[in-house]
Structure formats: C-alpha cells, structure tokens
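**Q** Quick one: this structure, given as structure tokens, is what I'll be asking you about.
FYI, it's all coordinate maths here, none of it is from the lab. In this text the structure is predicted, and so the values were computed from the model without any measurement. Cβ coordinates were reconstructed from backbone atoms using ideal geometry, including for glycine residues, and neighbour counts include every protein chain displayed.
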Amino acid sequence: MTQRALDRAVEHHRAGELSQAEQYYREVLQREPQHPDALHLLGLIAHQRGQHQDAIELINQALKKNNRDIHFYIHLGQAYRQAKRLEESIQAMKKALKLQPQNAEAHHELGLALADSGKHEAALAEYERAIKLDPHNPFASLNAGNSCHLLGDYERALPYYRQVLACAPQFAEGYNNLGSTLFQLGRVEEARPLIEKALELKPDYAEALVNHANILRQDHRFDAALACLDRALELKPGFLLALFNKANALAESGQHAASVPYYDQVLALQPDYPEALSNKAAVMGDLQHTEEAIELARQALKLNPNFAEGYNNLGANLMQLGRIQDAFLALQRAMSLKPNYESPYLNMAKLLWS
C-alpha cells in the first residue's frame with residue numbers, strides 16, 4: 001500500500017498536480033512517518049511553492065534516513081539558495097558532488113550559489129565543469145556568460161552566449177544576453193537584430209525591452225525608448241535597470257527635471273549605485289544645483305575611485321564654481337582613466353578657453 005501511494009504521488013507530481021501529489025505523500029507519511037522519499041518529495045513540493053523554509057526542514061529530515069541520494073542534497077541546496085542561505089546552499093552542493101563528482105546538475109547548481117554570493121570566478125569554473133559534462137544544456141552556458149558579463153569581461157562572455165543559441169535556437173534569453181553584451185562592447189548594429197529576435201520570441205520580456213530602449217536611445221528615438229521602458233516597468237514594477245534607463249532617456253532628451261524622480265527611485269532601491277549618483281550629478285549640474293552635483297559626484301567616486309564619468313561630472317561642476325585647479329585635476333583624471341571618452345576633453349577645452 002505504501003509503495004502504491006508513493007507511485008501515485010510521483011505520477012501526480014510529474015504531471016504538475018502538486019495538491020494531489022501532496023495528499024499521497026502525506027498518506028505515505030501517515031503509515032511511515034520517516035519515509036525518506038516521501039519527506040524529500042514533499043519538501044520539493046514546498047520548494048516549488050516558494051515555501052523554502054518548510055522545504056529545508058523536510059529534506060533535512062529525509063537526509064537523516066538517507067544521506068546517499070544526490071537529489072536530496074541538490075534540492076536542499078536549491079531551497080537554501082532561494083532562502084538566501086547561500087553558504088549552506090554551497091555546502092549542500094559540495095556534499096552532492098562528493099557523492100557524484102561528475103554530476104553536471106550539481107556543478108551548475110553550485111555555480112548558481114557561488115554567483116549569488118558574488119563569487120563569479122568560482123561560479124564560472126563550476127559552470128565550465130557543467131558544460132564539459134553536459135555540453136547540450138543551454139542554462140550552464142547562459143550562466144557562464146552572465147558571470148563573465150558581471151565580471152566586466154564582455155569578450156569572454158560572447159562564446160558562451162553563442163553556445164546557448166547553438167543548443168537552443170529559440171531561447172530568447174540567449175539572444176537578449178548576446179545582444180546586451182555586444183551593445184556593451186559598442187557593437188550596436190550587431191546587437192540590434194539579436195534584441196529584436198529576443199522580443200519576437202518573448203514579447204513581454206522586460207530585460208529585452210530595456211536593451212531595446214538603449215538601442216533606441218542611441219538612435220535618439222527617445223519617445224520610442226521611453227515607451228519600451230514604461231512597458232518594462234508595467235511588466236516588472238520597481239525594475240531597477242528600467243528605472244535607471246528611463247532617468248537616462250529623460251535626461252538625454254533634455255527633460256532634466258523629469259529625470260530626477262527616477263534617479264531618486266533608483267537610489268532609494270540601491271544607494272551604492274555609482275552610475276546613478278554620477279548621472280544625477282550631471283543632471284543637477286544642468287539644473288544649476290552645482291553644490292549638490294559636486295556632492296553626488298564625490299559619492300560616486302567614493303564607491304568607485306576609478307570611475308571616469310564621475311571625475312568628468314565632478315570636474316564640469318567644479319568649473320562652474322570657478323574652482324579651476326580642482327576642475328583641471330578631475331578632468332585630467334577622467335582622461336587618464338578612459339582615454340577614448342570624449343566628454344572630459346570637451347570640458348577641458350572649455351576650461352582652457354575660459
């Protein structure tokens with residue numbers, strides 16, 4: 001009877017019928033309160049419903065009866081990661097890999113936990129192991145590319161994203177992320193059709209809408225860009241990148257005062273965002289709030305001392321106050337950090353002319 005109830009539970013579980021599956025798992029546990037498979041799979045249902053603490057408790061109970069099943073550790077690690085208990089997630093995945101060192105899923109899941117901990121190089125190494133073991137899984141390649149992107153190594157990300165599309169030609173995330181990376185490299189015309197393809201495959205894709213808006217901004221099509229960003233915010237309220245890029249689009253289109261509330265929303269969500277601080281500094285300078293602009297630029301540079309745009313905005317506003325020597329040094333620093341960045345040269349020319 002117990003096995004029959006368990007088989008029925010698994011059948012419902014595989015069909016996505018979680019309530020029916022839960023009923024049968026609980027029937028098994030009424031007969032055998034410590035049945036490890038029923039505890040584990042009931043925990044998996046809790047995880048699937050977003051009840052991660054319940055999942056952790058149930059799967060840990062299962063492990064007391066059976067600590068040799070790799071799936072128990074993988075699902076426990078996933079629940080820990082979703083509960084933001086990242087070190088415990090990492091340890092669970094390492095235990096899984098002690099049982100099966102060549103398990104691609106465990107390497108991939110360990111990579112996700114390391115990435116969530118900000119350890120992107122270590123995460124990339126795990127994704128590469130997963131790819132080697134299972135080259136046809138697009139998710140490991142996608143996340144490897146994402147780690148490279150987060151490390152700022154855009155060239156290194158490109159082959160991973162191309163591998164995603166080789167494995168899964170209808171995967172919108174692959175097109176979007178490849179397009180976004182090419183855009184970051186300044187290869188806008190290569191990025192454009194990729195972002196458009198991502199939106200063709202997945203029209204309500206907030207991240208791709210933001211990337212499409214950024215391409216439209218390059219074309220000075222600000223009304224169309226703002227429409228894309230508004231749609232992204234409808235789909236994903238409070239989406240930080242959409243708010244930031246809406247502020248940028250408003251500022252670039254000359255709507256400086258209208259951009260300020262959006263920069264403020266961004267900084268309320270993420271106060272340590274140097275690009276938002278610096279861009280708001282530029283806007284406040286344009287609005288003749290020079291002292292505030294200087295303070296914002298200094299805050300940005302505290303967070304990122306090698307931020308050329310921050311030095312440029314600092315220098316431009318110091319120049320407005322007549323602090324010529326300080327402005328000269330700030331603009332000189334911007335030029336040394338980013339020799340191909342045009343704005344500090346223009347500001348330096350104004351300074352020298354004055």
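**Q** Under a Cβ-Cβ cut-off of 14 Å, what is the net charge of the residues other than Ala83 that fall near it, where Lys and Arg count +1 and Asp and Glu count -1?
**A** On the way: positive: Arg49, Arg81, Lys84, Arg85; negative: Asp54, Glu57, Glu87, Glu88, Asp116.
Local net charge: -1.
**Q** Dipole of the chain, Cα-centred, from +1 at each Lys and Arg C-beta and -1 at each Asp and Glu C-beta, to the nearest 20 debye?
**A** Values: 36 positive and 43 negative charges, 146 e Å.
Charge dipole of the chain: 700 debye, to the nearest 20.
**Q** Right, here's the next one. How compact is the chain by the rule of thumb for globular proteins, expressed as Cα Rg over 2.2 N^0.38 Å? Intermediate results must be reported in sequence, preceding the final value.
**A** Numbers: Rg = 25.5 Å, N = 354, 2.2 N^0.38 = 20.5 Å.
Its radius of gyration relative to the 2.2 N^0.38 Å reference: 1.24.
**Q** Convert each backbone phi in the range 341-354 into a coupling constant with the Karplus relation 6.51 cos²θ - 1.76 cosθ + 1.60 (shift: θ = phi - 60°), then list the ³J(HN,Hα) values in order as whole Hz, x for Gly and Pro.
**A** Result, rounded to whole Hz: 8, 6, 4, x, 5, 5, 5, 5, 4, 4, 4, 5, 5, 5.
**Q** Dipole size in debye (nearest 20) for the range 218-346 around its Cα centre, Lys and Arg Cβ +1, Asp and Glu Cβ -1?
**A** On the way: 10 positive and 15 negative charges, 52 e Å.
It works out to roughly 260 debye.
**Q** What value in Å³ per residue do you get for the convex hull of the alpha-carbon atoms in the range 40-116? Working shown, then result.
**A** Values: hull volume 5.5 nm³, N = 77.
Here the figure is 71 Å³ per residue.
**Q** One-quarter of the Cα convex hull surface for the range 72-221, in nm²?
**A** Working: hull surface 36.1 nm².
Mean shadow area of the hull around the Cα atoms is 9.0 nm².
**Q** Counting only residues 5 or more places away or on other chains, whose amide H sits under 5 Å from the amide H of Glu17 once H atoms are built in the peptide plane?
**A** none
**Q** Tell me, what HN-Hα J-couplings in whole Hz come from the Karplus equation 6.51 cos²θ - 1.76 cosθ + 1.60 at θ = phi - 60° for each residue of the range 272-278, using x for Gly and Pro?
**A** Computed from phi, the couplings for the range 272-278 are 9, 10, x, 5, 5, 4, 5 Hz.
**Q** Taking the range 83-112, which trypsin sites (Lys or Arg not before Pro) meet the DSSP loop condition and have no more than 12 other C-beta atoms within 10 Å?
**A** Working: sites: Lys84, Arg85, Lys94, Lys95, Lys98; in loops: Lys84, Arg85.
Answer in residue order: Lys84.
**Q** Taking Cα atoms of the range 140-248, Rg/Rh with Kirkwood Rh, to two decimals?
**A** Details: Rg = 13.2 Å, Rh = 13.8 Å.
Ratio value, two decimals: 0.96.
**Q** Same structure, new question: Please list 3J(HN,Hα) in residue order for the range 196-213, calculated via the Karplus relation 6.51 cos²θ - 1.76 cosθ + 1.60 where θ = phi - 60°; whole Hz, with x for glycine and proline.
**A** Once rounded to whole Hz, the list reads 4, 5, 4, 6, 5, 6, 9, x, 9, 10, 4, 5, 5, 4, 5, 5, 5, 4.
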